[in-house]
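Only one structure is covered here, and it is reproduced in the block below.
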Amino acid sequence: KINIKTDYKSKGTPFKNDAILINKISEQFKYLDQVNRALNIIGNITDAEIVLNRAHLRNIIGDSNFIKNKLFEQWGLSQYSSHLYGVVSSFGPVGSIVNVSRGVFDFIYLPILQYQKDGRLYMGLQKGVSSLLQAVTNEGLNFFGKTFGGTQTFLEYADNIIYNSNNKDSSISKYSSPPENFSDALKKAGGIFVDEIKNCKERIIAIPLSDYHRYGTLGYVQSVASAVPFAILHPTMAVTKGVGALVAGAQSTYNPQFKKIMNDKYKTK
């Protein structure tokens, strides 16, 4: 069998705005657009677990499309009957609820299981509490990481609109190189704050003074006015980037596999 773990971020498809495209696309792509719309409502898929069991095809008659349809039929029925949980639990907030619920279940069930096994209730309680804390901590860090990551993306978008400052390599994700540990995250966050302070100092003080010497009072006033959004956006961006780095560092410290997972998931194109 083949085990697959995948993410899916829904994107809109411009079927309504292009009559020629509508005539060319198949019903399958129309169905995909409906799936995209549904995912925009309930959230994206994260770490969906798909299992493709061994397929048996006998007395094959037909072309490659026939074989493909038969494989999809077998794998689809198998996924629906035996592995649907791995997909459903990956939708939006459902995965977080499932993981925390699993921790709560372990907190209740493991002491009972340990007591029935050898009578050591205290050891069972330790295992249950450890599982619950692990689930809550992991989901809490994931929530904060996504929250600050989304805020950073919004602020960068606003900065790009105001100052046309989109000079970042779009092929490299900001999640592609997380800190090795919390100590590394502190250094990274400190570097972010220092860089943003230098940028603010130049944009708010140095450039207006330069414009004053070149264009006089009017140039100085215009330069200061244009620097006001910068003075608001960039310190806020520094905070979100810095806190995001600290959260990623905590995740790397808490889960040694986190850095490898993020590098594999957000590797450069």
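The values are calculated or read from the model by the stated rules, or taken from the named source; none is laboratory data. No experiment lies behind these values; they were computed from the predicted model shown. With ideal geometry, Cβ positions are generated from the backbone for all residues, glycine too; neighbour counts draw on all protein chains shown. Note: areas computed on protein heavy atoms with side chains; ligands, DNA, RNA excluded. Shrake-Rupley method; radii C 1.70, N 1.55, O 1.52, S 1.80 Å.
Values for this structure:
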{"item": "Residue that is modelled with the highest pLDDT [pool: residues in the stretch 157-172 that are among the small types (Gly, Ala, Ser) and exposed (fewer than 11 other Cβ atoms within 10 Å of the Cβ)]", "result": "Ser171"}
{"item": "Meets criteria (open to solvent by 50 Å² or more (accessible area, probe 1.4 Å), assigned to a helix (DSSP H, G or I), within 30 Å of Leu133 (Cβ to Cβ) and modelled with pLDDT under 80) for Lys187", "result": "no"}
{"item": "Matching residues in the stretch 106-165 - criterion: being without any contact (Cβ under 8 Å) to a residue 24 or more places away in the chain and among the hydrophobic types (A, V, I, L, M, F, W, C)", "result": "Ile108, Leu110, Ile112, Leu113, Leu121, Met123, Leu125, Val129, Phe154, Ile161"}
{"item": "Qualifying residue in the stretch 205-227 (condition: of a type in the set (Val, Ile, Thr) and modelled with pLDDT under 80)", "result": "no"}
{"item": "Conditions (1) assigned to a helix (DSSP H, G or I); (2) in contact (Cβ under 8 Å) with a residue 12 or more places away in the chain; (3) polar (S, T, N, Q): number failed by Gln222", "result": "(2)"}
{"item": "Flag if Tyr212 is surrounded by fewer than 17 Cβ atoms within 10 Å (Cβ to Cβ), aromatic (Phe, Trp, Tyr) and not in a loop (DSSP other than H, G, I, E, B)", "result": "yes"}
{"item": "Residue satisfying all of: in the stretch 190-209; charged (D, E, K, R) and open to solvent by less than 80 Å² (accessible area, probe 1.4 Å); nearest to Ala227 (Cα to Cα) among these", "result": "Arg203"}
{"item": "Hits in the stretch 128-156 (condition: of a type in the set (A, V, I, L, M, F, W, C) and open to solvent by less than 20 Å² (accessible area, probe 1.4 Å))", "result": "Ala135, Leu155"}
{"item": "The listed residue being within 22 Å of Glu139 (Cα to Cα), of a type in the set (Lys, Arg) and open to solvent by less than 60 Å² (accessible area, probe 1.4 Å), out of Lys241, Lys265", "result": "Lys241"}
